[in-house]
Structures are given as C-alpha cells and as structure tokens.
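All remarks here apply to the structure that follows.
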Amino acid sequence: MEDRMLRDELTSKLSGRVAIVCVGDAAHGDDGAGPLFVDLLERFGVENVIDGGSSPELETWRVRHIAPNTVLFVDAVDLGVEPGDAALLAAADLRATGYDTHRAPLRLTMQYLEMELDCRCYLLAVQPSVVSSGAVMSDAVRSSVEVLARMLCEGLRARN
C-alpha cells in the first residue's frame with residue numbers, strides 16, 4: 001500500500017484513546033520490527049505504547065488499564081509482498097487457527113480485546129525478509145518501520 005493511502009487509512013481508523021502494542025523479537029532479524037517501533041515511538045513521545053514481545057496476549061492487562069477505543073498492533077507478518085511493504089488489517093483479515101513460531105494467533109488476542117473492552121483492533125503488518133535467530137534486521141524493514149513510526153506519530157498528533 002502506498003504511503004499516503006496507508007497514512008490516510010491509519011488516521012481514519014485511530015479514533016479516541018489509542019493503545020499501541022508492538023510485537024516481536026529483536027533477536028530474530030525482521031521480527032524486531034515491533035521492538036524498533038516501540039523505541040521510535042517512545043523517542044517521539046507517543047503515549048500508551050506497549051512492548052508486547054513475543055507473547056502480546058500476556059499484555060492484555062496493560063491494554064485494559066489504558067481503556068482504549070482503538071488498539072493498534074504492530075508486527076512483522078508474511079503478507080506475500082516485498083520486504084518492508086505494510087498493510088493495515090482488521091482481526092477478520094487474519095487466520096483464525098493454528099500457532100506461529102512463538103505465540104497464539106494474534107487474531108485471537110485482537111478478538112478478545114474487541115469483546116472485552118468494546119474497542120476496535122487493527123494490525124499494522126510489515127512484510128519481513130528474514131526472521132531467523134541471530135539475523136540482523138534488513139534495511140528494507142528498518143527503513144519501513146522508521147517511515148511508519150513517523151507517519152503514525154504525525155497522524156496521532158494531527159487528531160489533537
């Protein structure tokens with residue numbers, strides 16, 4: 001999705017109080033997109049950012065404490081596109097069963113929060129290139145995360 005379209009879609013979806021849950025493991029190459037996103041947003045002074053690590057389902061209590069209207073998850077997801085490409089997805093867009101390498105499907109966590117907190121959940125998915133243990137984050141994903149973090153920060157500020 002082109003940057004401008006993604007920015008507009010993000011801005012239109014992020015309403016009310018927003019919690020941002022970043023998912024991933026920096027020791028696994030591009031799976032570190034989430035942790036890098038946390039670092040960047042914290043540097044930009046964005047509030048309500050949660051480092052969900054490899055098990056974001058264990059952080060639902062932190063999300064509950066924020067009492068958000070919208071929860072944005074950020075994770076490296078195989079979308080079948082070019083490394084660094086991104087998409088904004090709803091829970092219904094994600095697979096419902098099975099497990100990936102380190103956690104229950106994110107869809108279940110998103111649906112749980114939507115039911116329990118009466119909020120909307122979205123996933124900002126970034127296409128990884130390499131997610132093997134000990135790998136370094138690819139330039140394409142690092143660059144994409146930097147652009148996306150700035151874009152999100154600007155979108156959140158524009159709402160105020």
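The values are calculated or read from the model by the stated rules, or taken from the named source; none is laboratory data. Model, not experiment: these values are computed from the prediction. Counting neighbours? That spans all protein chains shown, and the Cβs are built from the backbone with ideal geometry, glycine included.
Okay, here's what the table says:
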quantity: Count - residues of the stretch 82-107 that are closer than 19 Å to Cys121 by Cα, surrounded by fewer than 17 Cβ atoms within 10 Å (Cβ to Cβ) and modelled with pLDDT of 90 or more; calculated: 2
quantity: Residue selected from the stretch 6-26 under the condition under 20 Å from Leu117 (Cα atoms) and among the charged types (D, E, K, R), by the criterion farthest from the chain's Cα centre (by Cα); calculated: Arg17
quantity: Residue check for Asp39: of a type outside the set (Phe, Trp, Tyr), at pLDDT 90 or above and under 19 Å from His28 (Cα atoms); calculated: yes
quantity: Conditions (1) at pLDDT 90 or above; (2) under 20 Å from Arg7 (Cβ atoms); (3) in a loop (DSSP other than H, G, I, E, B); (4) in contact with a Leu (Cβ under 9 Å, 6 or more places away or on another chain); number of the one not met by Leu79; calculated: (1)
quantity: Residue check, Asp8 assigned to a loop (DSSP other than H, G, I, E, B), among the charged types (D, E, K, R) and under 16 Å from Leu123 (Cα atoms); calculated: no
quantity: Single residue of the stretch 118-157 satisfying the filter (among the acidic types (Asp, Glu) and either at pLDDT 95 or above or in contact with a Leu (Cβ under 6 Å, 6 or more places away or on another chain) (or both)) that is surrounded by the fewest Cβ atoms within 10 Å (Cβ to Cβ); calculated: Asp118
quantity: Residue check for Leu10: in contact (Cβ under 8 Å) with a residue 12 or more places away in the chain, surrounded by 20 or more Cβ atoms within 10 Å (Cβ to Cβ) and within 22 Å of Val141 (Cα to Cα); calculated: yes
